[in-house]
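Here the structure is laid out as C-alpha cells; the discussion comes afterwards.
Rule-based calculations on the coordinates, nothing more; no lab input. Fair warning: this is a prediction, and the values are worked out from it, not measured in the lab.
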Amino acid sequence: MTISDIVANIDQRLAHLDTEISHLDAARVALTDRPAASRPPKPRRGRTVAPKKAAHEVVPAGKLVATLARSDGMTTRQLSQATDGDPGQILTLLKEQEAAGEVRRTGSRAATQWHAITDEDRIAARVAELEAAGRRGRARRS
C-alpha cells in the first residue's frame with residue numbers, strides 16, 4: 001500500500017465520518033431544538049491538497065535485508081542513507097530481523113555493522129554444531 005493509497009483511504013473515512021456527524025447534529029437539533037454550540041467548524045474540503053512527502057521512506061524488512069546482502073556490512077546510518085529510511089525504524093527492523101535469524105551484528109555502539117546471514121553462514125553454523133555434537137559424543141564414550 002502506497003502513501004497515496006493510505007491518504008485516499010483516510011480521506012474516504014473522514015468523508016464518511018463527516019456525513020455521520022452531520023446526521024447526528026441534525027438528530028440533536030430535532031430532539032432538543034438547539035444546535036451543538038461546542039463543535040468546532042468543519043474544515044474546508046473543496047480542494048484536495050497533495051500529501052507532503054515523508055521525510056523518510058518506510059523501509060520494508062525485505063528491502064533492508066536485500067541491501068545488506070549486497071554489502072560486506074553496513075551501519076544503521078549507512079542503511080538509513082542507502083534506503084532513505086528513518087534510522088529509528090531501521091534499527092527496530094534490524095533487531096527484529098536479528099531475532100528472526102536473518103541478520104547479525106558485529107562491533108558495538110557506533111561501530112556496529114549489520115550483515116545479512118547467507119546460506120553459507122547457515123551451513124557453516126550447522127557444520128560447527130554437528131562437529132561440536134560429535135566431539136561431545138566421543139567424549140562421553142571415553
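When all alpha carbon pairs of region 65-114 are counted in 10 Å bins from zero, the resulting P(r) reads 27, 66, 7 %. Ellipsoid semi-axes for region 52-142, based on the Cα gyration tensor and the rule √(5λ), read 36, 12, 10 Å when sorted largest first.
Mean sequence separation of contacting Cα pairs (under 8 Å, at least six apart), scaled by the length of region 52-142, corresponds to a relative contact order of 27 percent.
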